[in-house]
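The values are calculated or read from the model by the stated rules, or taken from the named source; none is laboratory data. Keep in mind the model is a prediction, meaning the values are calculated, not measured. Counting neighbours? That spans all protein chains shown, and the Cβs are built from the backbone with ideal geometry, glycine included.
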Amino acid sequence: MTLSELTHSTGEWLRGVGSYSDVVISSRIRLARNLASMPFLSTATVEERTNIYQTLAKAIGEVSNGSNALLIDIENAEAIDRHLLVERHLISRQHAVAEGSRGVSISPTETLALMINEEDHLRIQALRSGLQLEDAWSEVNEVDDKIGKNLTYAFDQQFGFLTVCPTNVGTGIRVSVMVHLPALKLTKEIERVDRAARDMRLAVRGMYGEGTEAVGDLYQISNQTTLGRHEEEIIDDFSGKIIPRIAEYELTARDSLAKHRGAQVDDKIWRAYGALANARCISSEETLNLLSAIRMGIHMGRLDLIDIPKLNEIFLFTQPAHMQKRHGAPLTGEERAVKRADYIRKQMVA
């Protein structure tokens, strides 16, 4: 598997399957771990960072032996490749732009990514389409146990696993679910969801996590603290209560829109389709916002000229790094806008 090969598929998180897949785009579970024998990255020297990278790369290689996992040296990777991995949600934006020795190991299915020297020494991440947190947890937990047999993690009997950020201390787990909430946005109910989430000590962020705004009506809902709670308890809350409740709010809002504002909803959906099918120059942000309306239209049964798999291809392949990687050369913003529009028009009539 190579990075170029990744640009020809949408990856695990955009398969469009799993529970509540008409609202839930993807599920992610991430564990933060640090080596007991090494300082946190915030105080590590260049040599210590390199030793951490080499130690963890070796341990990961032993665990993934025979799986054809792809180990990428992020420090020496091209900028476009780093941003490609961000767009595929395989590394964080912070990992892409940081400095020093760091890397990521990616499984062939893209369900598993292990970031070395991100904020912590090791971030073990599993991705799934739809609401499949239990499957994601099973994979992360298994890899964590295997690595933990060969290496000693920084752990305190009272506080649990020790991490750079205090909110990760304890289990070190971060559960994150990406949801599509266009109807709640249209009915101006999204602020109430945001307030309720914060009351439950949840973080609400944009598509690329911390520091990003919601584009295309996509929101990431995640836990903010891990101390004093078991991993299974947090996952059960998300799978059985929090996300189903948010999904039901969204589906109820869609039903209300269909019943009381059907013509306005259809106008929004079909205007979005017309704009994408005819545009000659279009930005990435406008594309995501228009695709949001079309995604809602498909799930509401009000548009059948395109399906979710094709929509997801357009969604991912029109992102800046994917476009340039598929083109084979850097593109200016204006060039991307033109080529993006050309690509979308062809896909809309294919």
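Cβ-Cβ contacts under 6 Å between residues 6 or more apart (or on different chains), taken from a first residue in the range 214-236 that is closer than 30 Å to Ile294 by Cβ to a second residue that is acidic (Asp, Glu) and surrounded by fewer than 18 Cβ atoms within 10 Å (Cβ to Cβ), are listed as Val215/Glu285.
None of Gly66, Gly130 is at pLDDT 95 or above and at positive phi except Gly130. Residues that are more than 22 Å from Ser42 (Cα to Cα), surrounded by fewer than 18 Cβ atoms within 10 Å (Cβ to Cβ) and polar (S, T, N, Q) are absent from the range 119-131.
Can you find even one residue in the range 154-161 that is surrounded by fewer than 22 Cβ atoms within 10 Å (Cβ to Cβ) and more than 19 Å from Arg229 (Cα to Cα)? No; the residues of the range 154-161 include none that is surrounded by fewer than 22 Cβ atoms within 10 Å (Cβ to Cβ) and more than 19 Å from Arg229 (Cα to Cα).
Restricting the first member to the range 246-270 and to residues that are farther than 17 Å from Ile190 by Cβ and at pLDDT 95 or above, and the second to residues that are in a helix (DSSP H, G or I) and β-branched (Val, Ile, Thr), the beta-carbon pairs closer than 8 Å and six or more apart or on different chains are Ala258/Val265; Ile269/Ile294. Selection within the range 19-58: residues that are under 23 Å from the mean Cα position of the chain (by Cα) and part of a loop (DSSP other than H, G, I, E, B). The member of this set that is surrounded by the most Cβ atoms within 10 Å (Cβ to Cβ) is Val23. Among the residues of the range 169-192, count how many are under 26 Å from Gly130 (Cβ atoms) and outside any helix (DSSP H, G or I). Counting residues in the range 169-192 that are under 26 Å from Gly130 (Cβ atoms) and outside any helix (DSSP H, G or I) gives 13. Here is the figure for the range 157-172: residues that are farther than 15 Å from Phe40 by Cα and touching a Leu at 6+ places or on another chain (Cβ under 9 Å) total 5. In the range 294-319, which residue that is among the β-branched types (Val, Ile, Thr) and over 24 Å from Ala258 (Cα atoms) is surrounded by the fewest Cβ atoms within 10 Å (Cβ to Cβ)? This residue is Ile314. Among residues of the range 132-151 being of a type in the set (S, T, N, Q) and touching a residue at least 40 places away in the same chain (Cβ under 8 Å), the one that is surrounded by the fewest Cβ atoms within 10 Å (Cβ to Cβ) is Asn150.
Restricted to the range 207-287, the set of helices (runs of 4 or more DSSP H) holding at least 1 residues that are polar (S, T, N, Q) comprises 243-260, 262-278.
Between Glu232, Glu248, Glu213, the distinction of being out of contact with any helix residue (DSSP H, G or I) (no Cβ under 7 Å at 6 or more places or on another chain), closer than 21 Å to Gly170 by Cα and not polar (S, T, N, Q) belongs to Glu232 only. Only one entry of Leu276, Leu290 meets the criterion of being surrounded by 19 or more Cβ atoms within 10 Å (Cβ to Cβ), without any contact (Cβ under 8 Å) to a residue 24 or more places away in the chain and under 22 Å from Ala183 (Cα atoms), and that entry is Leu290. Close contacts from the range 179-198, counting a first residue that is without any contact (Cβ under 8 Å) to a residue 12 or more places away in the chain and a second that is surrounded by fewer than 21 Cβ atoms within 10 Å (Cβ to Cβ) and among the β-branched types (Val, Ile, Thr), with Cβ to Cβ under 9 Å and a gap of 6+ residues or different chains, come to Asp194/Val204; Arg198/Val204.
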